[in-house]
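Accompanying notes for the structure given below.
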Amino acid sequence: MRLPLAVLALCVSAGLARAAPDAQDFETIARGRALTVAADCQACHTAPGGQPFAGGRPIETPFGTILSSNITPDPDTGIGGWSDHDFVAVLQKGRGRDGQHIYPAMPYTYTARATHEDDLAIRAYLATLPPVRRAVNDDTLPFPFNIRAALGIWDRLFFTKGTFRPVPVKSAEWNRGAYLVTGLEHCGMCHTPKNLLGGDRSGRALQGYALQGWFAPNITDDRRRGLGSWSVDDIVSYLRTGHNRFAAAAGPMAEEVWVSSQGDDMADLHAIAVYLKDQPGQDVSAAPLDPHRPDMAAGAAIYADRCSACHTPDGAGVAGLFPRLAGGPSTQSIDPASIVRVILRGARSVSTQAAPTGPGMPSFAATLDDREVAAVATYVRNAWGNAAPAVTPARVAADRASLADRPTD
Amino acid sequence: MQQVTRRALLAGAATLLASGPGVRAAIIRGGRPWQPYAGGPPEPAGSGPWHWFTPEEGAAVEALVDRLIPPEPDTPGGRDAGCAVFIDRQLAGPYGSAAALYMRPPFRDGTKAQGNQSPLTPAARYRAALAALDAHCRAAFAGQPFARLPEAAQDRIIHGLEDSSLQLDGASGRGFFELLIKDTQHGFFADPVYGGNRDMCAWKMIGFPGARYDYRDWIDRHNQPFPLPPVAIGGGRPGWTPHA
Amino acid sequence: MPNRLPSRDVAIIGLGWTGSILAEQLTAEGLDVVAIERGPWRDTPTDFNVNTMPDELRYRIQHELFLRPAQQSLTFRNTLGQEALPVRTWGAFMLPNGVGGGGTHWNAEMWRFLPSDFVLRTHLTQRYGAAFLPADMTIQDWGITYDELEPFYDRFEYLCGTSGTAGNVAGRILPGGNPFEGARSRPYPLPAMKQGYGHALFADAARNLGYHPFPQPSGNLSAPYTNPLGVQMGPCSYCGFCEWFGCANYSKASPQTTILPTLALRKNFEARTLCEVTRINLDRTGRRATGVTYVDTSGQEWEQPADLVLLCGFQLFNVQLLLLSGIGTPYDPVANTGVIGRNFTHQTTSAAIGFFDKAKYNFNPFMSAGAIGMCIDEFNGDNFDHGPLGFVGGGYMGQVQTNGRPIETTPVPPGTPLWGHGWKQAIRDNYLSTIFSGAGVHGSFYSYRDIYIDLDPTWKDRFGRPLPRITIDLKPNELRMSAYLTDKYAEIIRAMGARQVVSQPRKGPYSMSAYQTSHLCGGAIMGTDPRTSALNKYLQSWDVPNLFVMGATAFPQNAGYNPTTTIGALTYWAAHAIRSTYLKDPGPLVRA
């Protein structure tokens, strides 16, 4: 799932007459549907195995787990009784219907960039969904994080209101990409580093962040840790199909592709790619670890014996099937959470209409011990021109323990 | 048309469950199921006491496998290779209880072409044959069990089982010989995770590189020795261990 | 009483190759399809783990991926006069179980049958006269021709990403391929695999003897491939853990690696696993299938009504289910009446082991693949003159060694002690320098009046139903063929430079105790006459027109090739008939 956090405070109470979008306005509804898909609302607002958009999905936040809200048009437990004004206030201001602050698990710091028209189009589409009666408990956070008043302070620190403003010197396509990435697509919710209070770290947009036991990689144009080696078409293919010649979407990104970006407009995906390719990387120089280090030597042996059958001896992988390990962010991220996780638990890449194969990696937890996982992870992070910090056995042990308790995803 | 009784259904379901890893009927739609940590790795044989054999049986089987695969200066024998441990763990599991086999009566003797028709499980065959072997040895060698006999005497007994010149009381000597040699060789060559082939000794002896999965760089290098050492499911290759 | 489920357009029994192909074809047609599979769901990342797959004991010796005899077995006898006894542990052949069926753990040899194989009786009678055939031989023409089937062969080969060198494209004989093959409309989708030392040496020796060696057509892929369903496969890594094993790196064609990814995304497809169909239900007329009854793992019985029933299980169990459901007339070998169980056949395989000087030859037998190898086809089908030889039939032969797994593949020269220092030394001396291709000679198995399948009078399966009973033996014709072919084969092995060749022609009686192949065929065969066939040329039941029966069950007799490619082609052929004709006007596609 793309959102690390989700809305909690779309409090339900009796009140204003429900807005009734013109059911005949097909064009608006169709646009709203596309925007809803692009914004991936469904992922967070659907419980595992539950009715779409009826909420109840547990969302991990740094402060505890909260449940997403029901955004179907049910008048009592959903948003059927809301006015357009109520709805827009959530997206633009992060305020619930009663004026209360909502938790920034709902990406209002991003949705605030969307235009009023787009907000209403989403609203119009949501109003066409079948209403689902499902009340969601909105108070699951422990003290002191259950004090909503504190959120006002949070907003002052980390929330800049206002819709997106185009950058005149950039192309229309770039601006469309910027509008989507910094707005409804809310890429930074996962991919931008957060501070201790969960706010985006200024100046570090899209440079990667660890969440839900994964590391959402740097998606700037950084040559080593980001998408510098990917072309615009590679990015489009990845978002459209979940796969390209380098990588495969698994975990939360697999869900994002499945629910959201495989259905996005191709022109929008292209715009997103153009914008991402224009986000400068840091391109800090890094030198690979000495191949004669004991962990590197052991890692090379384990790689040859266990990994090369798929990822190939030179780390090139097989385009569309086995991710390329040489180059790119999947191996060289500063934080090795994803690579350690995938080795231990295995992973399933997304199966899409355009790329149905959905290959998966098996679990190595039972056959590699912590020292061996650390060695092979260190090796792939420093072979074939890669360079990234070593992974320690202690890190693997810690991740092994914490991953064991994670639910299936 | 054949009708199926409710009782047969339940009995049938029980058979299926007993033979599988506790799996249940499922409906698959909308995508392919996946879950982390899938794959069902093998249960390591582990060290420690016998699981199936009594200490006396274990001693006899260790002596037997060490004659079937005798130790040599550069390669271990069946005992040090762990063949007896392998057989013990196998007999304690589904193999020993014939859990996967068709064991419904009646049991009748048939032709050789019709295959084994014994009502006895492998575990029961070992128990009976080892008891008979023990009785034979103690009677013929002044109360000594097989494990305490000189190698030459042990070899003579095994030859006797092999060529049916030695009849065991209440068990087929030749049948036991065939079962034992099959299981011993399975243990010698199987992955070390099952208790035999300790340190991949059998694989090293013949030049089998073990649980590898990629020879793309080697398949058309004809008539050249493969340079890498064997590796087991659980690793066990010295190169896997980081050495300072 | 079984719980009755809502009706579906199509119920498929068994989700192996044929069930998967038909499910894909009919969901594409918009039909609502449910596939009921008696074994578990299996998939590459969850069940074929690269860490634990190279495990000879678990998968090869203990048959992890196969049916357990405890679940379902059969009884066996050589002749009508004998009492059949239950097969208590698998031997001569292996029976599949689970999603993907035999397609998960096969070798992936991708052979087409010869054009003459489909008109066998006509062809042999014309060339040699009817009197040349043994009196009890019941071979038949198939009712279709190679040319009719060719587009569907092509389809299955392109589904699988077949690797090979074409020998005959549109009638043009091409160098390096099989010059005897039927004309193909285009080359294989991928070039042939690389060959190991032993495979290459066989080709050299065969060429020197005047034969035309060619690479075995293979469903182990020589390069990455995306098939017409958009499913991607990787290149084979020659790991040597192919047959009996699931492929861990997506390089062996299977339903999992070619069809299921696309099929599983379709909303009109559903699979029910670990659910065993116990019978096909008929209406009161007995001329129409109303659906199937199956049992889940809790013992609950379910009735699944359907408009169209597709029987896609393994050959033997297709026949058992037809007999148990009272569909068609059971075959009676004495009266020579009936069709269900008739023309049961297997495969006549044999080998010649070549022991080479270990100082000069290192074959690295462990580097291999399921369908690797170099073959010749000079002695297959009717590619050679049988007139002076006194038998019919033949087979391909080749150095098609798939592995060097040490429990299975540590042959020693005759006379080696079974144990002790002598055995140990022989293992050490021969492991790397021996050519041992278990089914190096892959002979045909023609049909006979007294080789058949019926229900056993004594032994029952776990549901209390009679086990299928097979009566099968090796006839003089097959034994003569095996002797002749194995001699020719041994000659090539000798020409490779072996210091000792141990020839092992197939000997009678047919035995359950040593593995041969799993290519059981026949029992509900296709043909042109309902008196001698259970199915018409579209694999549609003559008796119950809304029932189609897939697989080698339909082969009137077995040719000298592995059957799967022909099974795949026949399935696409039947699917085409269902889509283009049957669905528009459900009923018999051929008037009896």
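The values are calculated or read from the model by the stated rules, or taken from the named source; none is laboratory data. The structure presented is a predicted model; accordingly, all values stated were derived computationally and were not measured. Cβ: placed from backbone, ideal geometry, glycine included. Neighbour counts: every protein chain shown.
Which members of region C:479-508 meet the condition of being closer than 18 Å to C:Ile435 by Cα and small (Gly, Ala, Ser)?
Result: C:Ala490, C:Ala495, C:Gly497, C:Ala498, C:Ser503.
Given the residues B:Gln154, B:Gln185, which is the only one that is in a helix (DSSP H, G or I), surrounded by fewer than 23 Cβ atoms within 10 Å (Cβ to Cβ) and among the polar types (S, T, N, Q)?
Working: B:Gln185 fails: surrounded by fewer than 23 Cβ atoms within 10 Å (Cβ to Cβ).
Of B:Gln154, B:Gln185, the one residue that is in a helix (DSSP H, G or I), surrounded by fewer than 23 Cβ atoms within 10 Å (Cβ to Cβ) and among the polar types (S, T, N, Q) is B:Gln154.
Which members of region B:200-220 meet the condition of being within 20 Å of A:Ala304 (Cα to Cα) and within 20 Å of the chain's Cα centre (by Cα)?
Of region B:200-220, the ones within 20 Å of A:Ala304 (Cα to Cα) are B:200, B:203-204, B:207-220.
B:Met200, B:Trp203, B:Lys204, B:Phe208, B:Gly210, B:Ala211, listed by residue number.
Determine which single condition C:Leu149 fails, assuming it passes every other condition in (1) under 28 Å from C:Leu474 (Cα atoms); (2) of a type in the set (A, V, I, L, M, F, W, C); (3) within 24 Å of the chain's Cα centre (by Cα).
Exception for C:Leu149: condition (1).
Under 7 Å by Cβ, and 6 or more places apart or on different chains, what pairs join a residue from region C:195-224 that is under 12 Å from C:Ala495 (Cβ atoms) and modelled with pLDDT under 95 with one that is surrounded by 19 or more Cβ atoms within 10 Å (Cβ to Cβ) and not basic (Lys, Arg)?
If the second residue must be surrounded by 19 or more Cβ atoms within 10 Å (Cβ to Cβ) and not basic (Lys, Arg), no pairs are left.
Can you name the strands (runs of 3 or more DSSP E) wholly within region C:489-578 that have at least 2 residues being closer than 26 Å to C:Asp332 by Cβ?
Details: elements: C:500-504, C:521-523, C:547-549.
Where strands (runs of 3 or more DSSP E) fall fully within region C:489-578 and carry at least 2 residues being closer than 26 Å to C:Asp332 by Cβ, they are C:521-523, C:547-549.
Show the residue pairs meeting these rules: Cβ distance below 6 Å; 6+ apart or different chains; first residue within region A:148-166 and touching a residue at least 24 places away in the same chain (Cβ under 8 Å); second residue of a type in the set (A, V, I, L, M).
A:Lys161/A:Ala112
Looking at the structure I just gave you, is A:Tyr179 within 22 Å of the chain's Cα centre (by Cα) and closer than 24 Å to A:Ala89 by Cβ? It would help to see each step written out before you state the result.
Values: within 22 Å of the chain's Cα centre (by Cα): yes; closer than 24 Å to A:Ala89 by Cβ: yes.
Criteria met by A:Tyr179.
Which members of region A:364-398 meet the condition of being among the polar types (S, T, N, Q) and either within 13 Å of another protein chain (Cβ to nearest Cβ) or buried (at least 24 other Cβ atoms within 10 Å of the Cβ) (or both)? Working first, answer last.
Initially, region A:364-398 is screened for residues among the polar types (S, T, N, Q), giving A:367, A:378, A:382, A:386, A:392.
Across region A:364-398, the qualifying residues are A:Thr367, A:Thr378, A:Asn382, A:Thr392.
Restricting attention to region C:299-321, does a residue exist that is out of contact with any strand residue (DSSP E or B) (no Cβ under 8 Å at 6 or more places or on another chain) and either crowded, with 24+ Cβ neighbours inside 10 Å or not in a strand (DSSP E or B) (or both)? Walk me through how you get there before you give the answer.
Taking region C:299-321 first, the residues out of contact with any strand residue (DSSP E or B) (no Cβ under 8 Å at 6 or more places or on another chain) are C:299.
Subsequent filtering for residues that are either crowded, with 24+ Cβ neighbours inside 10 Å or not in a strand (DSSP E or B) (or both) retains C:299.
Yes.
Does C:Leu316 satisfy being within 20 Å of the chain's Cα centre (by Cα) and closer than 23 Å to B:Ile28 by Cα? Show your work before the answer.
Working: within 20 Å of the chain's Cα centre (by Cα): yes; closer than 23 Å to B:Ile28 by Cα: no.
Judged against the criteria, C:Leu316 is not a match.
Restricting to region A:307-327, and then to whatever is more than 10 Å from chain C (Cβ to nearest Cβ) and surrounded by 23 or more Cβ atoms within 10 Å (Cβ to Cβ), can you tell me which residue is farthest from B:Gly30 (Cα to Cα)?
A:Leu325
If the requirement is being within 9 Å of another protein chain (Cβ to nearest Cβ) and over 20 Å from the mean Cα position of the chain (by Cα), which of these qualifies: C:Gly390, C:Gly404?
Working: C:Gly390 fails: within 9 Å of another protein chain (Cβ to nearest Cβ).
Result: C:Gly404 is the single residue among C:Gly390, C:Gly404 that is within 9 Å of another protein chain (Cβ to nearest Cβ) and over 20 Å from the mean Cα position of the chain (by Cα).
Tell me yes or no: at least one residue of region B:190-200 is under 24 Å from C:Asp55 (Cα atoms), in a loop (DSSP other than H, G, I, E, B) and within 14 Å of chain A (Cβ to nearest Cβ). Break it down into steps so the answer makes sense when it comes.
Of the residues in region B:190-200, the ones under 24 Å from C:Asp55 (Cα atoms) are B:190-200.
Still in the list and also in a loop (DSSP other than H, G, I, E, B): B:190-191, B:195-197.
Applying the additional criterion that residues be within 14 Å of chain A (Cβ to nearest Cβ) yields B:191.
The answer is yes; a qualifying residue exists.
Given the conditions (1) surrounded by fewer than 24 Cβ atoms within 10 Å (Cβ to Cβ); (2) under 30 Å from C:Thr46 (Cα atoms); (3) among the β-branched types (Val, Ile, Thr), report the number of the one that C:Thr258 does not fulfil.
With respect to (1) surrounded by fewer than 24 Cβ atoms within 10 Å (Cβ to Cβ); (2) under 30 Å from C:Thr46 (Cα atoms); (3) among the β-branched types (Val, Ile, Thr), C:Thr258 is out only on (1).
Of the numbered conditions (1) within 10 Å of another protein chain (Cβ to nearest Cβ); (2) over 24 Å from C:Arg38 (Cβ atoms); (3) of a type outside the set (S, T, N, Q), C:Pro189 fails exactly one; give the number of that condition.
So C:Pro189 meets the others, but not (1).
Within region A:355-363, can one find any residue that is away from chain C (no Cβ under 14 Å) and of a type in the set (Ser, Thr, Tyr)? Lay out the reasoning, then the answer.
Within region A:355-363, the first condition is being away from chain C (no Cβ under 14 Å), and the residues that meet it are none.
No, because not a single residue in region A:355-363 is away from chain C (no Cβ under 14 Å) and of a type in the set (Ser, Thr, Tyr).
Out of all the residues in region B:91-140, which are modelled with pLDDT of 95 or more, hydroxyl-bearing (Ser, Thr, Tyr) and not in a helix (DSSP H, G or I)?
If the condition is that a residue be modelled with pLDDT of 95 or more, hydroxyl-bearing (Ser, Thr, Tyr) and not in a helix (DSSP H, G or I), then B:Tyr95, B:Ser97, B:Tyr102, B:Thr111, B:Thr121 are the ones that fit.
Check off (1) in contact (Cβ under 8 Å) with a residue 60 or more places away in the chain; (2) facing chain C (nearest Cβ under 10 Å) for B:Tyr95 and give me the number that stays unchecked.
It is condition (1) that B:Tyr95 fails.
Assuming C:His63 fulfils every condition listed in (1) away from chain B (no Cβ under 14 Å); (2) in contact (Cβ under 8 Å) with a residue 60 or more places away in the chain apart from one, which condition is it?
(1)
At least 2 residues that are at pLDDT below 90 and more than 7 Å from every other protein chain (Cβ to nearest Cβ) in each: list the helices (runs of 4 or more DSSP H) lying fully within region B:1-90 that qualify. Explain how you work it out, then say what you get.
Values: elements: B:6-19, B:55-68, B:78-81.
Helices (runs of 4 or more DSSP H) meeting the threshold: B:6-19.
With region C:193-286 as the region, which helices (runs of 4 or more DSSP H) entirely inside it contain at least 1 residues that are away from every other protein chain (no Cβ under 12 Å)?
On the way: elements: C:197-208, C:255-258, C:260-265.
Of the helices (runs of 4 or more DSSP H) lying wholly inside region C:193-286, those with at least 1 residues that are away from every other protein chain (no Cβ under 12 Å) span C:197-208.
Determine which single condition C:Gly387 fails, assuming it passes every other condition in (1) in contact with a strand residue (DSSP E or B) (Cβ under 8 Å, 6 or more places away or on another chain); (2) surrounded by fewer than 24 Cβ atoms within 10 Å (Cβ to Cβ).
(1)
Taking the condition at pLDDT below 95, among the polar types (S, T, N, Q) and either closer than 19 Å to C:Met496 by Cβ or in contact with a Lys or Arg (Cβ under 9 Å, 6 or more places away or on another chain) (or both), does C:Ser368 pass? Give the steps one after another, and end with the answer.
On the way: at pLDDT below 95: no; among the polar types (S, T, N, Q): yes; either closer than 19 Å to C:Met496 by Cβ or in contact with a Lys or Arg (Cβ under 9 Å, 6 or more places away or on another chain) (or both): yes.
Taking the combined requirement at face value, the residue does not satisfy it.
Since C:Asn51 meets every condition but one in (1) away from chain A (no Cβ under 14 Å); (2) in a loop (DSSP other than H, G, I, E, B), which condition does it not meet?
(1)
Every residue, every condition in (1) surrounded by fewer than 22 Cβ atoms within 10 Å (Cβ to Cβ); (2) in a loop (DSSP other than H, G, I, E, B); (3) in the same structural domain as A:Met106 (by TED's automatic domain parsing); (4) touching a strand residue (DSSP E or B) at 6+ places or on another chain (Cβ under 8 Å), yes or no:
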| residue | (1), (2), (3), (4) |
| --- | --- |
| A:Leu184 | no, yes, no, no |
| A:Met189 | no, no, no, no |
| A:Leu197 | yes, yes, no, no |
| A:Gly226 | no, yes, no, no |
| A:Gln262 | yes, no, no, no |
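Working only within region B:219-231, note down all residues that are buried (at least 21 other Cβ atoms within 10 Å of the Cβ) and more than 7 Å from chain A (Cβ to nearest Cβ). Even if it seems obvious, please write down each step before you answer.
Pass one, region B:219-231, residues buried (at least 21 other Cβ atoms within 10 Å of the Cβ): B:219, B:230-231.
Selection gives B:Ile219, B:Pro230.
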